[in-house]
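Participant: Okay, here's the structure, questions in a sec.
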Amino acid sequence: MTERPFALLTQEHCPACDRLERMLAGPLRGQYAAQIEVVHRQQHPSAFEALAAAHSLRATPALLHRPSGQVLAAPTGLGEVQRFFALERVAAGEPLGQLR
């Protein structure tokens, strides 16, 4: 299996993590689910710690675009999440005018 372009760092007892997960499933209708690897602090502690250390992350939730190394820390709005996911389309060479 190829590595997914995005990683979502999350953990238990994190209201902001729950909110982001609901946003991804609800308003975004799961359209990015196949592109995201969920790295849960309690379920995958070594993978979580490795990514957090490599990208200087100190809070959850965080979205990581692996090809560019860009991080969206503690996203709160639908628009900023959609723009962040557009990074993969830009990386694939899709013209900016066609981004939705």
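Participant: Out of the stretch 19-46, which residues are acidic (Asp, Glu) and either modelled with pLDDT of 95 or more or in contact with an Asp or Glu (Cβ under 9 Å, 6 or more places away or on another chain) (or both)?
Facilitator: Selection gives Glu37 alone.
Participant: Here is a list: Arg41, Arg58. Which entry is touching a Phe, Trp or Tyr at 6+ places or on another chain (Cβ under 7 Å) and not hydrophobic (A, V, I, L, M, F, W, C)?
Facilitator: Of the residues listed, the single one that is touching a Phe, Trp or Tyr at 6+ places or on another chain (Cβ under 7 Å) and not hydrophobic (A, V, I, L, M, F, W, C) is Arg41.
Participant: Of all residues in the stretch 47-58, count the ones that are surrounded by 12 or more Cβ atoms within 10 Å (Cβ to Cβ) and either in a loop (DSSP other than H, G, I, E, B) or at pLDDT below 95 (or both).
Facilitator: Of the residues in the stretch 47-58, 2 are surrounded by 12 or more Cβ atoms within 10 Å (Cβ to Cβ) and either in a loop (DSSP other than H, G, I, E, B) or at pLDDT below 95 (or both).
Participant: Something else about it: If you take the residues of the stretch 1-18 that are in a helix (DSSP H, G or I) and without any contact (Cβ under 8 Å) to a residue 12 or more places away in the chain, which of them is nearest to Gly69 (Cα to Cα)?
Facilitator: Asp18
Participant: So, one more: Out of the stretch 22-46, which residues are free of Cβ contacts under 8 Å to residues at least 40 places away in the same chain, of a type outside the set (Gly, Ala, Ser) and assigned to a helix (DSSP H, G or I)?
Facilitator: Arg22, Pro45
Participant: Moving on to the next point. Give me the residue from the stretch 78-100 that is closer than 21 Å to Ala25 by Cβ and touching a helix residue (DSSP H, G or I) at 6+ places or on another chain (Cβ under 9 Å) and, out of that set, modelled with the lowest pLDDT.
Facilitator: Arg100
The values are calculated or read from the model by the stated rules, or taken from the named source; none is laboratory data. Note that the coordinates shown come from a computational prediction; the quantities given were computed from them, not determined experimentally. Here Cβ is always computed from backbone atoms with ideal geometry, including for glycine, and neighbour counts include all displayed protein chains.
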